[in-house]
Every structure is written in structure tokens, then in C-alpha cells.
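All remarks here apply to the structure that follows.
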Amino acid sequence: MERTFLPPLTPAIRKRLSLGPGMNMFAAQTSPPGPCYDENGNPRRCIPDFLNSAFGKDVRVSSTCGKTPSRYCVVTEKGEERNRNCHTCDALDPKKHHPPAYLTDLNNPHNLTCWQSENYIQSPQNVTLTLSLGKTFEVTYVSLQFCSPRPESMAIFKSMDYGKTWVPFQFYSTQCRKMFNKPSKASITKQNEQEAICTDSHTDMHPLSGGLIAFSTLDGRPSAHDFDNSPVLQDWVTATDIKVTFNRLHTFGDENEDDSELARDSYFYAVSDLQVGGRCKCNGHASRCVKDREGNLVCECKHNTGPGPECDRCKPFHYDRPWQRATARDANECVGWHIPTEEAKGHIPLSFMHLALCCISEPCALSYGLLAIPAVL
């Protein structure tokens, strides 16, 4: 394709931009070794560490026991015998409370701490847990460890716009069609690999405590083996927020019997650990995320990308080729504009000439994050 050129770059413009003949504006830049560059300074894909992005974060919940001291009963079984041991939940007593902070604190199996809902919140009412990750992440899994029996029906959702809209990630139910209007265990194909499915696995009432539900975002997705080249799955795993809804409790069917109050006090949701495993989304152009001056989590962008929380654009003056996500084969580093030599007839690409002229216009310069050159060329 023939490139479009404007008249020669004048010495005056070169002087304003502090450029010598044939000089690349960015030739003096060096790339120090590190995760994003090899020992020769060549760019390579880099990604932040894998972590539990939920750890220590606040979780908004729609129900927590103990606003007023209330009884709850823990069911245990020994053979055919079923026993209930009753306790008090009191939000004002540190020894008897079950706050949302217990969802994301350090999970110690020898000293479990459990968030707990109010008793017997049954369908069509539900209980929701909402977690803001504080930034865009690429989520690998969402898991919940229960202190109560696992829900009979629940759903996991994600948001990509900080909670403004929600997209389903996964449904669980013994009655998928009735609860979520979804078939049970539908096949995942390339045509629907960005859609949530419903499964009846992990919905048994037993174990009565310690059960796990773990959702893997890529498990069974046909394009997972070629993730670098699958924009659909790259979008599928992207999230800023996670929401879990508990839609229906498991019961023993005794909630309407003579001693129904005791039975109903035995049915609640309780979770010891909520995890969201993943990586800060930086599109292969950063090895870590840091907090900016406003306290927001952002990628520490390399490869001439940024500014921006996801390294999803080239930084000013580095538009010689379009921005691309880094892959295992190609770091897709953004490239600085090169100003041709006088031997190249002093011509300059239209894109750079526009920016050079832009430097004398304050509104235009500000659009590039620059200061205008005060003198008329």
C-alpha cells in the first residue's frame, strides 16, 4: 500500500522537536533486563503473578446473621441418627459473630472462620455476595468452601464494568431447567464457549460441612488450548467484579413438621472461604500491578504501552504500528515513529506530520498529553 506523505519537515520544526536529521525520537531509550525483556533487551510477553484476588477484600452481602442475637443449629449425622447443636449468632459479640470479613481472611483449616446468613432464606428470595476486584482481572477460577451444606441452587456472575451490568459465569442446581431455564450439563462448543452452562454437580446436600464448589473459567472450553488467539475467551475470563447468588437451600424436608422452628433454624448459608484466582489484566505488557497516586490498581506498563490501567494502548509517539496484545510468540511492542533522513527526500508520514504540527496547537497538543510549542513555526 502506498504511504501518504506531506511536504518536507522544515528545520524550524526539527528544532522545535529537538531532532537532528534522520533521528529516531526514541533511539536513546534502552530496555533494562527483567520479566518483560530478555538478556539482550528484546521485548517478551510478561504477566503479573497469579494470585487470589479476593484475599483481604471487602465483600458486600445481602444477609448476615446476628443483627439481633439469634439461634442457629448445626446438624450432624451419625449413621441414621441426626442431631442438632444450637448456638447464638450475635454481631456485637466477637466470639459469636460471623461477619463478611471471614469470607476473604486467611483460611486456616484448623481454625475456621465462617460468614453466615440469616436463617431459612428460601426461594424466591436469595442471598448475594458481591466482590469488587478493584481492577480488570483475567479470572481462572472462583471457589467457595462451605461451613454449611452447599446450596441446592446457586449462580456465579461477573461484571466487566465495575458492577453496572452482570453476565452469568456458571449455574448450579439439581433442577437447572426450573431454576435457571437451562438444560443440565449442556455441551460446550466453539459456538457457545462464551456462555454460562448449568450443572447438577456439587449440589448434593452432603457433606453437611466442608463441601467445595469450584468453577474453572476455561475448563471444557474448546479454544482454551489456543487462548492467545481467542478474543472470545480473552473476553470471557475478563472481570472487574464477581457476584455469587445462593438461590435455594437444601433441607431434610422437616421444615413444616411439628418442630418446624427448630428445623428452620438449621437451614442457612455459611462460607469459610471465597477465592477468585487470576491475574491482573495487562495484556502481556506488564509483570506487575501497582497503585497509582489516587490509590487505584494499575498495570506497570512496558513495551511502550500505556498510560492506562490495562496497557491496552500505545503511549504517545509510539503509533508506528497498531497496538496488539502480547503473545508467547511476539511481544508486539509499540514502536516509536522514525523521522527519515534528508536522503529520504525529507518527507515524513502523514501521521507524524499531523502530530508535529499539532505541537503548536494547544487543544490538539493536550489531546496527546503534550504542551504546545508557543512560537509560530
Selection from region 148-200 of residues of a type in the set (Phe, Trp, Tyr) and under 22 Å from LEU103 (Cα atoms) yields PHE157, TYR162, TRP166, PHE169, PHE171, TYR172
Residues located in region 137-155, provided they are crowded, with 22+ Cβ neighbours inside 10 Å and β-branched (Val, Ile, Thr): VAL139, VAL142
Selection count, region 101-118, where residues are crowded, with 21+ Cβ neighbours inside 10 Å and of a type outside the set (Phe, Trp, Tyr): 4
Would you please list the contacts, defined by Cβ atoms under 9 Å and residues six or more apart or on different chains, that run from a residue in region 49-69 that is of a type in the set (Asp, Glu) to a residue that is surrounded by 14 or more Cβ atoms within 10 Å (Cβ to Cβ) and in a strand (DSSP E or B)? ASP49/ARG279; ASP49/CYS280; ASP58/LEU131; ASP58/SER132
Picked from region 246-272 (must be more than 16 Å from MET205 (Cα to Cα) and at pLDDT 80 or above), the residue surrounded by the fewest Cβ atoms within 10 Å (Cβ to Cβ) is GLU261
Restricting region 158-174 to residues that are among the hydroxyl-bearing types (Ser, Thr, Tyr) and assigned to a strand (DSSP E or B), the residue that is nearest to ASP241 (Cα to Cα): SER159
For region 168-179 the number of residues that are farther than 12 Å from ASP204 by Cα and surrounded by 15 or more Cβ atoms within 10 Å (Cβ to Cβ) is 6
Have a look at ALA263, ALA239 and point out the one that is of a type outside the set (Lys, Arg) and free of Cβ contacts under 8 Å to residues at least 60 places away in the same chain. ALA263
Kindly list, by first and then second residue, each pair from a residue in region 165-185 that is within 12 Å of MET154 (Cβ to Cβ) and among the hydrophobic types (A, V, I, L, M, F, W, C) to a residue that is part of a helix (DSSP H, G or I) and modelled with pLDDT of 95 or more, limited to pairs with Cβ atoms under 7 Å and residues at least 6 apart or on different chains. PHE171/PHE180
If I ask for residues that are closer than 20 Å to THR245 by Cα and either at pLDDT below 95 or part of a loop (DSSP other than H, G, I, E, B) (or both), which ones from region 106-123 would you list? CYS114, SER117, GLU118, ASN119, TYR120, ILE121, GLN122, SER123
For the subset of region 211-240 comprising residues that are of a type in the set (Gly, Ala, Ser) and surrounded by 15 or more Cβ atoms within 10 Å (Cβ to Cβ), which member is nearest to ALA54 (Cα to Cα)? ALA239
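The values are calculated or read from the model by the stated rules, or taken from the named source; none is laboratory data. Bear in mind the structure is a predicted one, so any value in this text is a computation, not a measurement. Counting neighbours? That spans all protein chains shown, and the Cβs are built from the backbone with ideal geometry, glycine included.
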